Amino acid sequence: MISLGRRLRHARKAKGLTLSALGELCGTAPSQLSLIENGRREPKLSLLKQLAAAVDSTTDELLGSAPPTRRAALEIALERAQRGPLYESLGLPRVRVSSRLPTDVLESLVGLQGELERRMEEQAATPEEARRANTELRAEMRDCNNYYPELEGQAQELLDAVGHRDGPLSHHVAADLADHLGFRLRFVSNLPHSTRSLTDLKNRRIFLTHGGQVEHDPRSVLLQALGHYVLGHQTPRDYSEFLRQRVYTNYFAAALLMPQRQTVDFLQRAKAARQLAIEDLRDAFAVSYESAAHRFTNLATEHLGLTTHFQKVHASGIIHKAYENDGVNFPSDHLGAIEGQTICRSWTSRVVFDVPDKFRAYEQYTDTVAGTFWCTARTERHSAGLFSLSIGVPFEHVRWFRGRDTTERNQSRCPDDSCCRRPPEGLAAAWEGQAWPAARANTHLLAAMPSGAFPGVDETEMYRFLEAHPD
Ligand SMILES: [Zn+2]
């Protein structure tokens, strides 16, 4: 109806007719025509025919779906937007859509409306889209056992080109790689806050920061920047592609820092000696425990015949990253997303936070509903907090690992609520309704739909704390 009115007004103006003049031609009151033009009344077919004839148009044209001009399209768009719930919710006055409204103002209003709608939709869609994308990507990684031969090949080619054969990849070699690819490195102290590196493709420069953020190995940051270039990445079209590119460049950087040939050789010797240990891999290649653990998952299944799982868990118990191809039962939401879920408090990745010995890795056997797993874990402090990094394997693979003789053992009945989601009955009886915590905002940002009365607050911990602090 709005369109018909707009088209009619447009045609009338084009013909140079006033409302009264058109009214006279068709034998209708100008007020009636005004209602029609404003989309408030629909003309009868007979009147529509008269109107069409009077403005040198046809009924088809007036009823057609495509607006006749940019101006008319804008008028229709603004009218629609102002009648929508979003505009209503803003509590702003309505702008009268008349011919006196300058076209640039109209353009601007419609543009702003469109952008606002787009952003609202984006905001609403992002968490779900992100979770979906993460889940898809994890399925892909699982299907290929987190092993990407073409990325291994591209990394090896590059290492061969600069003649790096043995030992950890030094900062010097990393710089050689940049050189070889024709990039100059520029170290600055004012890199944009939201970036770790910035590549200037036009002048072939890579900007890196002076600053010493411990958790971001400067070699990795540089190698990832090179990775986007070597792997031919284009601006990602959506979040899913963004995520995939990030996984591939991280993989590529890891394959440079821990080259396949040497790393597999190292791991195979350790396996033969039944001394597989993530710390040894970390030390041999001078990387972080997280990098070593993650790299282990790339090569374990393909080259060592071991299925495995990896977790990066925040001290609050929330999963930040996880991977498995050994059937371990990670908690997941209705979309299959793992990130943001809370790990069972009996699992190694949680228990390790309470282990006083931070010098050695902590190992534990855990009987779960999906079988018995052995895991080795460490904690590392990052700027976002304290995290546990852990690698686990099903019971039948444990004989190849150092730390298999641990006497630590735990039971997990998760996802059964009574395992660890609900506070023990005695505690709950003593404290239910008597505690009022303020949740730390950051602990539940990632969580999909946290359970319990206070999102992100662990009730068992809260009650235990209260028990331990008697009046
Ligand atoms: Zn549990």
Backbone HN-Hα couplings from phi across segment 311-318 [Karplus 6.51/-1.76/1.60, Hz, Gly and Pro as x]: 9, 10, 10, 6, 4, 6, x, 8
If you average the alpha carbon positions of segment 235-282 and of segment 96-110, how far apart do those two centres end up, in angstrom? 57
What number results when the radius of gyration of segment 195-279, computed over Cα atoms, is divided by 2.2 N^0.38 Å? 1.35
Roughly what would the spin-label model give for Glu115 and Ser34, points 7 Å off Cα along C-beta, in nm? 3.5
Once the Cα atoms of helix 260-272 and of the chain are each reduced to a long axis, what angle between those two axes, in degrees from 0 to 90 to the nearest 10, is obtained? 40
I want to verify the translational diffusion coefficient of segment 104-231 in µm²/s; compute it with Stokes-Einstein, Rh as the Kirkwood radius over Cα pairs, at 25 °C and 0.890 mPa s. 134
Between segment 1-68 and segment 353-383, how far is it from one alpha carbon centroid to the other, in angstrom? 76
Magnitude of the charge dipole, the chain, Cβ model with Lys/Arg +1 and Asp/Glu -1, debye to 20: 1720
In cubic angstrom, how much convex hull volume per residue do the alpha carbon atoms of the chain span? 238
Specify the inter-centroid distance of segment 317-332 and segment 404-438, based on alpha-carbon positions, in whole Å. 19
Residues Ile343, Ile206, sorted so that the one with the fewest Cβ neighbours within 10 Å comes first: Ile206, Ile343
Work from the charge dipole of the chain (Cβ charges, +1 for Lys and Arg, -1 for Asp and Glu, about the Cα centre) and give the residue of Thr195, Tyr148, Asn325 farthest towards its positive end. Thr195
Aspartates and glutamates whose Cα lies under 19 Å from that of Lys271, excluding same-chain neighbours fewer than 8 positions away: Glu279, Asp280, Asp283, Glu302, Asp326, Glu363, Glu396, Asp405
Per 10 Å bin, what is the whole-percent P(r) computed from every C-alpha pair distance within segment 2-123? 13, 42, 29, 13, 3, 0
Find which of Pro423, Leu257, Leu22 sits farthest along the positive direction of the dipole of the chain, computed with +1 on the beta-carbon of Lys and Arg, -1 on that of Asp and Glu, about the Cα centre. Leu22
Would you list which lysines come within 26 Å of Lys49, measuring only between C-alpha atoms, while excluding same-chain residues fewer than 8 positions from it? Lys13, Lys15
Evaluate the Kirkwood expression for the hydrodynamic radius of segment 239-363, namely the inverse of the mean inverse distance over all pairs of different C-alpha atoms, and round to one decimal in Å. 15.9
Helix-derived [θ] at 222 nm for the chain: sum -39500 (n - 2.57) over DSSP H runs of at least 4, divide by residue count, nearest 500? -14500 deg cm²/dmol
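Every number in this text was worked out from the coordinates using simple rules, so none of it is lab data. None of the values given here were measured: they were computed from a predicted structure. Ideal geometry is used to build each Cβ from the backbone, glycine not excepted, and the neighbour counts take in all protein chains shown.
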